[in-house]
Amino acid sequence: MKPPRFRYCSPESLEEALAVLGEFGDEAKPLAGGQSLIPMLNMRLARPSVLVDLNRIPALAGIERTDRFLRIGAMTRHRAVERSESVARAQPLLAEAIGYVGHLPIRTRGTVGGSIAHADPAAELPGVLLALDGTVELQSRRGHRTVPARDFFVDLLTTSADPDELVIAVRFPVLPPRSGTAWLEVARRHGDYALVGVGAVVTLAEDRRTIRDARLCFIGVGNTPVRATGAEAALRGQPAAADTWRSAAEAVRNELDPASDIHASAQYRRSVAGVLTERALALAVQRAQEGTAG
Ligand SMILES: Cc1cc2nc3c(=O)[nH]c(=O)nc-3n(C[C@H](O)[C@H](O)[C@H](O)COP(=O)(O)OP(=O)(O)OC[C@H]3O[C@@H](n4cnc5c(N)ncnc54)[C@H](O)[C@@H]3O)c2cc1C
């Protein structure tokens, strides 16, 4: 199929892109890697009258590490993240999850900002951002604002960004000492969207045997990535042991409320979420104890 007719513009600066978005509002759509937008145009699921191609704005790409966070520009390709040593060192959860995004050609074109803005509930990057309590930087002609991931993903393919706002970067805060992470997921085939995925982030107390803090973020189980906050709270102060992972898995099965669709039943998704919880927590803690983070 062919897309509906649209006007194409290819700005060479952020200011120019923001001016077009400011002028056309929800009639315009940014084009990043095109891996989701182009199929949506071809299937007539999106009908923007103007496409604002971001591919000629080099300032939007890049990976920057500070003491407090890793900042990744919106037009940074998935593949650049996958190959970055600074990502592997600073944010191993992101490094582990990114390899699950589609196939190599998709990761070569697809961008971090596109994935975050598209907000697919089975996509890895929104899940990683929420698991790490990350933030999204938005820019429009009206100004700049930073939105926590928990307020950014509001519904299926829907974010709190306004139509004239661009995602310009995302920030992943650096984890405290004695932290470990793990990303696990189940898909029908490698490269397919996950049926269920989990990111576990665990910080141990000084004795390295007690859980000080734990975060569990799931994809594929709701309209947005979902934090299992009840299970997280129950994990705090517990011993780092197999019984604890089993209880957490049970709490997750009770807490999540996935839907059935053509890919899997709700019951299957809940069951897989429990199994992945147990494995991800054990792995994250092992990494925290070994000092390998993820
Ligand atoms: C066969 C296939 C398998 C895939 N499997 C997976 C998978 O397993 N996991 C996964 O996470 N993804 C998967 N994807 C999607 C892929 O990761 C895309 O790269 C991603 O969803 C969108 O990124 P993009 O840069 O291609 O954005 P585009 O397709 O260009 O844009 C997507 C949406 O975001 C908007 N947008 C883009 N950039 C910005 C910005 N900076 N600010 C505001 N809005 C913006 C666009 O207007 C559009 O609405 C798959 C895609 C395909 C085709």
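Things to note:
- Per-pair calculated FRET efficiency, R0 = 41 Å: residue 103 and residue 247 via Cβ, rounded to 0.05: 0.65
- R0 of 22 Å, Cβ-Cβ distance residue 144-residue 86: FRET efficiency to nearest 0.05: 0.40
- If the chain linking residue 207 and residue 162 were pulled fully straight, counting 0.36 nm for each residue of separation and taking away their Cα-Cα distance, it would gain 11.6 nm.
- For region 7-53, the per residue solvent-accessible surface stands at 50 Å², with DNA, RNA and ligands left out and a 1.4 Å probe.
- Our summary gives the chain a relative contact order of 16 percent, counting only alpha carbon pairs under 8 angstrom and 6 or more residues apart.
- Burial order of peptide ranges 49-60, 122-133, 270-281 (average beta-carbon count within 10 Å, highest first): 122-133, 270-281, 49-60
- Accessible surface area normalised per residue over region 179-290 is 45 Å², counting heavy atoms of protein chains with a 1.4 Å rolling probe.
- Accessible-area composition of region 86-210, carbon plus sulfur, in percent [1.4 Å probe]: 52
- Cα-based helix-to-principal-axis angle, 242-255 vs the chain, degrees rounded to 10: 50
- By the equivalent-ellipsoid construction on the alpha carbon gyration tensor, the chain comes out with semi-axes of 34, 21, 16 Å, ordered largest to smallest.
- Accessible area of region 62-173 divided out per residue, in Å², using a probe of 1.4 angstrom: 40
- Enclosed volume per residue, in Å³, of the convex hull spanned by Cα atoms of region 233-294: 86
- Exposure ranking of 1, 43, 75 by accessible area [1.4 Å probe, largest first]: 1, 43, 75
- Potential extension, residue 259-residue 189 segment - 0.36 nm per residue separation minus Cα distance: 23.1 nm
- Short-range pairs are left out: with C-alpha atoms under 8 Å and at least six residues apart, the relative contact order of region 178-277 is 24 percent.
- Counting protein heavy atoms only, region 7-53 has 51 percent of its accessible area on carbon and sulfur, 1.4 angstrom probe.
- Sites residue 7 and residue 44 - FRET efficiency at Förster radius 30 Å, r taken between beta-carbons, to 0.05: 0.95
- Prolate/oblate/rounded label for region 130-262 (Cα gyration tensor, a/c 1.5): oblate
- Only helices enter the 222 nm calculation for the chain: every DSSP H run of n ≥ 4 contributes -39,500 (n - 2.57), and dividing by all residues gives -10000 deg cm²/dmol, rounded to 500.
- Each DSSP beta bridge with both residues in the chain is either parallel or antiparallel, and the antiparallel ones are about 85%.
- Nearest-20 debye value, region 179-290 charge dipole, Cβ charges on Lys, Arg, Asp, Glu: 120
- 9 Å beta-carbon shell around residue 240, net charge (K/R +1, D/E -1): +2
The values are calculated or read from the model by the stated rules, or taken from the named source; none is laboratory data. Bear in mind the structure is a predicted one, so any value in this text is a computation, not a measurement. Using ideal geometry, Cβ is built from the backbone for each residue, glycine included, and neighbour counts are taken over all protein chains shown. Heads up: the accessible areas ignore ligands, DNA and RNA and are worked out on the full protein's heavy atoms, side chains in. Shrake-Rupley method; radii C 1.70, N 1.55, O 1.52, S 1.80 Å.
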